[in-house]
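Working notes for the structure below.
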Amino acid sequence: MKKEYVMGNQAIALGAMAAGVNLACGYPGTPSSEIVDTIAKRNKDKAIHVEWSINEKAAMEVAAGASYAGARCLVTMKMMGLNVASDALMSLAYVGVEGGLVVVSADDPGPISSQTEQDTRLFAKYCRIPVFDPSSVEEAYEMIQDAFEYSEKYKTPVLFRPTTRIDHAYASITYDENAKPKEIPGFVKNSKRFVIFPRLSRMNHEMIEKRNPAIGDDFSDYRFNKYQGKEGNNKAVLAGGAGYAYAKEYLQDRTDISLIGVATPHPFPERFILKSLEGVEEVLVVEELFPYLEEELLKLLGTNQIKIKVLGKHTGNSPLAGENTAEQTAREIALFAGDEIAEGSDPPADAGYMPAPPMRPPVLCAGCPHRASFYAVKQAMKDRKANFSGDIGCYTLGNAMPLDMVDTCLCMGAGITMAQGLHWTDSKTVNFAFVGDSTFFASGMTGIANAVYNEADMILCVLDNSTTAMTGHQPHPGTGMNMMGDVVNKISIEMILKGMGIEKVLTVDPLDLEAAKKAITECADAPGVKAIIFKSSCVALFKPVEKCVITDKCIGCKKCIREIGCPAISAEGKKVTIDASMCTGCTLCAQVCPMGAIEKEVR
Amino acid sequence: MSYNILLCGVGGQGTVLASKLLAAAAEKMGETVHSAETIGMAQRGGPVTSHVRIGKDAYSPLIPKKSADLIIAFEPSEAVRNLDFLKEGGAVITNEVCLKPVTESLNPTGYDGKEMIEFLQKTISNLVVLNADTLCEELGSSKFFNVAVLGVAKGAGFLPFSEEALISTIETSVKSNFVEVNKKAFLHGVEVGKK
């Protein structure tokens, strides 16, 4: 056994390995990405099949196949990825599994780096499958192993829902560093079981609805559904996930108020809850995002005609949106418990005026090729009407001033299809769709087929930096590497586009401004679907070997600053300087400078 | 023991390594440790905080407001931004060298950090103001500030660990060819902190 201080996502990975996982797959997405990364790094003798699948749906289906053969499978994604995978998961919930199949869907309250604040616990209820909701890193390590056991016990896929504060928190765990994958029994054909037909669905639906209360009863004895308190308490706090951690932080080992921790929101552990609430008159529910536990509790009390006052999100005691905090939860519980509230002034009253710290908004890195691509399109289109549909990735930051080149951004791959919708409303405007290479493979290809088939007019701009940059540089089908450490054939985006029937597919280096502008103008003048692949590596992957310097030809016009907004360039009065530690020598500023006052040097 | 340390700065300044060293040193002393990083969407240049929580009664991954015993700020405005985490009577160590926002050239705010330091001096009685450039002069690079500042915290009596625990942590946690210079940075910090 080995003790190690690890991140929550590493603990989940190590827990899955301790459970003998045979296959781990998923699609990167903050805050879930480190789980698959960790398993790949620690995959001794390549005994586990590890892959970044092309998207979450593909991952879910790969895992379903392996599970039918009896393999233990882990599928990871962020919660919006679950929307993509839901087609497969919903059907799989009806069919069931053979080997344990655990789907980690990491929720991001806040949201800190996501488009929605959706709640995976509701998805579990919708799919009628169990969900585990850990409240700490240590618990996550243990609970993911339990999740495999329950999955096999009830032959159902199960969801596992950590939140950012669990995924990205650190704690010490002790694990078996020699854990080995399970023996895989092998696929036993049984079309009555594995081929989904209406009759099977109807039958299994009935089975599932009968089974779920039994799982709820099983969960009533589950080790991480916790109770602290004493008989005769008339007040209780019911909490789950990070909410439990915040409640425990305030209550510590106090027993005058009961603390009920729910680790299995679905199926609801009714017997455990009812027992914990004996004699209680008022309950405060502490949870993040949707009032899930609150509604389940209200339903349970209503069904059983038990008169207990329930406080939470519906009563305005806690907010419906945004991330919870320890101090906000402390305040909610203190008010509920009738505790004295320590009101510190903020800032100390005698301090007077507190200066506002400067904003530090996220921006494209110095030297990022996306900046050059956006700038080239902006310049080429400066006298024409054009729409710029963006997508999910680092390049969403192309919306910031002074580029201001993202007019829409919805979800993965949507820029390509939305550009078509915009085109059908106004054919005189040139419609651009910007998509990254990883997003292109994940969900861009169907959109392109749609455009070609329906004869839309649009220009696809693939911002190809040969990595999945935003989530921490994972490989994808275009990079020539996979998670088993193998060098594989690169799938050519250019060949895909040509194969789909796009005649004009141009590949340019975005750091060559004139060539890029020329390609864009050429595409804007041609009818139909056109594509430009802007090919240049992510600057965060390599140590720069060059840098730019400003010579005495500089007249201090600051056109470089005004036009491209590179964080390496700054000015004091008329004096413009380039921060040598940040500059990568991309030379975009040199190409913009009207005086030729910026030169490239070897570092 | 129950002790909360918040480290804050700007992406790329090395706060994460400093927080890992603190966590590892506390573990060496047999303590229970939890920590969490908040990095948001920014790859570089965005605010970064690390929350290190030592003790068995820490459940929240982040330090609750008004509960940090010590704030170590790598940049003066980041100290101010996180000041509401400090508990009454808590200590602050801050670098006075400011890092302007990367958007400063586009939207000049005139920010130079001085106002932040003046405010801290007025508000915090337990304050140590450092200049990363001066502190790291003899170390050859201000990138060693992240380890030197831990030395200052130790020397000033703000860290509940032994010097030995911290030094042996540096020996085991830092890449081998950087061990000596980091030890030197730490010990130099201890001397400065004692003053």
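The table for this structure:
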read-out	value
Virtual spin-label span in nm between A:Glu206 and A:Leu274, 7 Å along Cα→Cβ	2.6
Pairs of lysines in the stretch A:114-191 (C-alpha under 24 Å apart; 8 or more residues apart or interchain)	8
³J(HN,Hα) computed for each position of the stretch A:77-91 - Karplus, 6.51 cos²θ - 1.76 cosθ + 1.60, integer Hz, glycine/proline x	5, 8, 4, 6, x, 5, 4, 5, 7, 5, 4, 5, 5, 4, 5
Reach of B:Lys184 by Cα under 19 Å, taken over aspartates and glutamates that are not fewer than 8 positions away in the same chain	B:Asp133, B:Glu137, B:Glu138, B:Glu163, B:Glu164, B:Glu171
Contour excess over end-to-end distance, with Cα ends at A:Val488 and A:Asp256 and 0.36 nm allotted per residue	77.4 nm
Mean projected area (nm²) of the alpha-carbon convex hull when chain B is viewed from all directions	10.9
For A:Glu295, net neighbour charge (Lys/Arg +1, Asp/Glu -1) across residues whose Cβ lies under 12 Å away	0
Span from the the stretch A:60-75 Cα centroid across to the the stretch A:517-592 one, whole angstrom	46
0 to 90° range, to nearest 10: angle between helix A:198-219 axis and chain A longest Cα axis	60
Within-12-Å neighbourhood charge of A:Gly398 [Cβ basis; K, R +1; D, E -1]	-1
Compactness relative to 2.2 N^0.38 Å, alpha carbon Rg of the stretch A:222-357	1.15
Ranked A:Ile416, A:Ile112, A:Ile392, criterion: other C-beta atoms within 10 Å, fewest first	A:Ile112, A:Ile392, A:Ile416
Additional length obtainable on full extension of the chain from A:Glu514 to A:Glu601, 0.36 nm per residue less Cα span	29.2 nm
Percent breakdown of C-alpha pair distances by 10 Å bin, ordered from the shortest bin, for the protein assembly as shown	2, 12, 20, 23, 22, 14, 5, 1, 0
Mean separation of Cα contacts under 8 Å (6+ apart) over length of the stretch A:169-266, as relative contact order %	26
Within 10 Å of each Cβ in A:363-370, the average number of Cβ atoms from other chains	3
Per-residue mean of C-beta atoms belonging to partner chains within 10 Å, peptide B:106-118	4
Rounded if a/c under 1.5, otherwise prolate or oblate - the stretch A:548-594, Cα gyration tensor axes	rounded
Set of lysines near B:Lys122 by C-alpha distance (under 25 Å), chain-local residues within fewer than 8 positions excluded	B:Lys65, B:Lys66, B:Lys87, B:Lys100, B:Lys114, B:Lys154, B:Lys194, B:Lys195
Ellipsoid equivalent to the stretch A:1-99 - semi-axes via the Cα gyration tensor, in Å	22, 16, 11
Ratio of the Cα radius of gyration of the stretch A:458-575 to 2.2 N^0.38 Å, where N counts its residues	1.37
The stretch A:192-238: C-alpha gyration tensor shape, a/c 1.5 cut-off, then a/b vs b/c	prolate
0 to 90° range, to nearest 10: angle between helix A:513-524 axis and chain A longest Cα axis	80
Local electrostatic count, A:Arg193, Cβ distance below 11 Å [Lys/Arg +1, Asp/Glu -1]	+2
Rounded to 10°, Cα long-axis angle of helix A:414-425 versus longest principal axis of chain A	60
For A:Arg72, A:Arg128, order by how many other beta-carbon atoms lie within 10 Å, fewest first	A:Arg128, A:Arg72
The stretch B:47-83-the stretch A:199-271 distance, computed between alpha-carbon centres (Å)	32
Sequence-distant residues sharing a close amide H with A:Asn387 (under 5 Å, placed H)	A:Val430, A:Asn431, A:Phe432
Estimated FRET transfer efficiency when R0 is 60 angstrom, pair A:Phe542-B:Asp84 (beta carbons, to 0.05)	0.90
Candidate lysines - alpha carbon under 30 Å from A:Lys530, same-chain residues fewer than 8 apart omitted	A:Lys57, A:Lys378, A:Lys382, A:Lys385, A:Lys428, A:Lys490, A:Lys498, A:Lys504, A:Lys517, A:Lys518
Order of B:Phe186, A:Phe160, A:Phe187 - criterion: other Cβ atoms within 10 Å of each residue's Cβ, fewest first	A:Phe187, B:Phe186, A:Phe160
Simple spin-label estimate for A:Phe194 and A:Tyr227 in nanometres, 7 Å along Cα-Cβ	4.4
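None of the figures in this text is laboratory data; all of them are computed from the coordinates on show. Model, not experiment: these values are computed from the prediction. Cβ: placed from backbone, ideal geometry, glycine included. Neighbour counts: every protein chain shown.
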